[in-house]
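A short worksheet on the structure shown next.
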Amino acid sequence: MTQAGRVAAVGTSRGTRGRGRAGRATWTAAVLAVALTASLTAGCSSGGERDDGRSPSGTASGERTPPAAGGVLAVKIDNARKARPHTGLDAADIVYVEQVEGGLSRLLAVYATRLPETVGPVRSARESDLELLRQFHRPTLAFSGVQSKLLPLIDEAPLRAEPPGRTREAYFRENDRPAPHNLYLRPDRLLPAAPGARALTTTGFRHGPAPAGGSPETSRTVRFPAASFTFTWSAHRDGWLVAMDGTDARTTDGQRVAPATVVVQHVHIRTSDFHDSNGNVTPYIETVGSGRAEVLRDGKSYDAHWKRDVATDGTRFTTGDGTPLNFADGQVWVVFVKA
């Protein structure tokens, strides 16, 4: 699909406002580059390292858009080894695990029922995020930068883009780890309050009693080319203890991360038109379509079928006979793996 085609599929037109798309994107980059460069200089000047070689000035239209009533907060979270342990990850309602350049991983955390004091480290967004977030009504996307070529797509997407520099004191850097793995977000500077569970109803997820059947499962490992995730059932926690690249996943307060439900969703992953500064192509994760999945809950694994007809729909998970498959109450992790 061409870039213009993806714009049509991913975003909704806001009209020209008296300027063409190329002019708008150029104007956007110019205006925001000033604010964002100032905000990120401390982190980018160390050894000349920038956010995966992406421009820190990438964002949506320079026009200020107030937060939508009831919209979720989605935060793009760094998952390099130097970025761990994470802060605020245990407060997310949904954590999407995505493959990025070089076979590494990155997280997209969605917050609706509560906003932690701090979330991070925050990193750059990807083209796939725009399609994934179409299921929510006017979400707020917090991220640290994007490639300049992605600017027009973000500009057209029906979301509120919030990189550093747009909201005063929303972002800050810590000194306990090197840049770019030290940028953090104060969510209350972007949203006045958590929108509540109702904002998650568009996902298509259903919560309730476990379905009949299932196979006992104590541990499941998912591997990317350069990353791995292991989920181990803990009856004590009523959840799946997470390990990343062989190391227990803990938050900065020392707590183990233990989602109640883990979904291993098999999707088509293709190459995109984007790449990092080293020439590694950015994968595009297709979350619209259908396929198989495994749902882990209550110490069991359930074979499932997933379906998402269009980007504005949520994803439905069903058992072999078509019965909706309920998730357990609590945090959900969705791990996208290549079909």
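Name the single residue, out of those in the range 122-139 being in contact with a Pro (Cβ under 8 Å, 6 or more places away or on another chain) and of a type outside the set (A, V, I, L, M, F, W, C), that is surrounded by the fewest Cβ atoms within 10 Å (Cβ to Cβ). Restricting to residues being in contact with a Pro (Cβ under 8 Å, 6 or more places away or on another chain) and of a type outside the set (A, V, I, L, M, F, W, C), the top hit is Arg138. The set of residues in the range 267-277 being modelled with pLDDT of 95 or more and buried (at least 16 other Cβ atoms within 10 Å of the Cβ) consists of Val267, Ile269. Say whether the condition of being more than 24 Å from Ser219 (Cβ to Cβ) and either surrounded by fewer than 16 Cβ atoms within 10 Å (Cβ to Cβ) or more than 19 Å from the chain's Cα centre (by Cα) (or both) is met by at least one residue in the range 326-333. Looking through the range 326-333, none of the residues is more than 24 Å from Ser219 (Cβ to Cβ) and either surrounded by fewer than 16 Cβ atoms within 10 Å (Cβ to Cβ) or more than 19 Å from the chain's Cα centre (by Cα) (or both).
Restricting the range 110-122 to residues that are assigned to a strand (DSSP E or B) and closer than 19 Å to Arg173 by Cα, the residue that is nearest to the chain's Cα centre (by Cα) is Val122.
Considering only residues that are within 28 Å of Arg206 (Cβ to Cβ) and assigned to a strand (DSSP E or B), look in the range 245-264 and name the one that is most open to solvent (accessible area, probe 1.4 Å). Per the stated criteria, the residue is Arg256. Filtered by the rule that a residue be assigned to a strand (DSSP E or B) and farther than 18 Å from Ser105 by Cβ, the range 213-231 gives Ser215, Pro216, Ser219. Residues in the range 165-212 that are out of contact with any strand residue (DSSP E or B) (no Cβ under 9 Å at 6 or more places or on another chain), closer than 26 Å to Ala260 by Cα and assigned to a loop (DSSP other than H, G, I, E, B): Ala193, Gly196, Pro209, Ala212. Looking at the range 167-209 only, could you name the residues that are of a type in the set (Phe, Trp, Tyr) and either in contact (Cβ under 8 Å) with a residue 24 or more places away in the chain or in contact with an Asp or Glu (Cβ under 7 Å, 6 or more places away or on another chain) (or both)? Tyr171, Tyr184, Phe205, listed by residue number.
Can we say Arg134 is within 24 Å of Ala194 (Cβ to Cβ) and of a type in the set (Lys, Arg)? Yes. Counting only residues that are within 30 Å of Pro152 (Cα to Cα), of a type in the set (A, V, I, L, M, F, W, C) and in contact with an Asp or Glu (Cβ under 6 Å, 6 or more places away or on another chain), the range 243-273 holds 1 of them. Which of the following residues is more than 14 Å from the chain's Cα centre (by Cα) and among the hydrophobic types (A, V, I, L, M, F, W, C): Ala92, Ala161, Ala83, Ala125? It is Ala83.
Among all positions in the range 87-108, there is at least one residue which is more than 20 Å from Val222 (Cα to Cα), assigned to a strand (DSSP E or B) and either charged (D, E, K, R) or open to solvent by 10 Å² or more (accessible area, probe 1.4 Å) (or both). If only residues of the range 202-220 that are of a type in the set (S, T, N, Q) and either exposed (fewer than 14 other Cβ atoms within 10 Å of the Cβ) or at pLDDT below 95 (or both) are counted, the one that is nearest to the chain's Cα centre (by Cα) is Ser219.
Confirm whether Pro139 is out of contact with any strand residue (DSSP E or B) (no Cβ under 9 Å at 6 or more places or on another chain), at pLDDT 95 or above and not polar (S, T, N, Q). When the stated conditions are applied, Pro139 does not pass them.
Collect the residues in the range 221-240 that are buried (at least 19 other Cβ atoms within 10 Å of the Cβ), closer than 13 Å to Leu296 by Cα and either touching a Leu at 6+ places or on another chain (Cβ under 9 Å) or of a type in the set (A, V, I, L, M, F, W, C) (or both), keeping them in residue-number order. Show your work before the answer.
If we filter the range 221-240 for residues that are buried (at least 19 other Cβ atoms within 10 Å of the Cβ), which is where we start, we get 224, 227, 229-231, 233, 239-240.
Narrowing the set further to residues that are closer than 13 Å to Leu296 by Cα leaves 230-231, 233, 239-240.
Matches in the range 221-240: Thr230, Phe231, Trp233, Trp240.
Within the range 290-317, the set of residues being in a strand (DSSP E or B) and open to solvent by 30 Å² or more (accessible area, probe 1.4 Å) comprises Ser290, Arg292, Lys300, Asp303, His305, Lys307, Arg316.
The values are calculated or read from the model by the stated rules, or taken from the named source; none is laboratory data. Remember, predicted model here, so these are calculated numbers, not experimental data. Don't worry about glycine lacking a Cβ; one is built from the backbone with ideal geometry, like all the others, and counts go over all protein chains shown. Heads up: the accessible areas ignore ligands, DNA and RNA and are worked out on the full protein's heavy atoms, side chains in. Shrake-Rupley method; radii C 1.70, N 1.55, O 1.52, S 1.80 Å.
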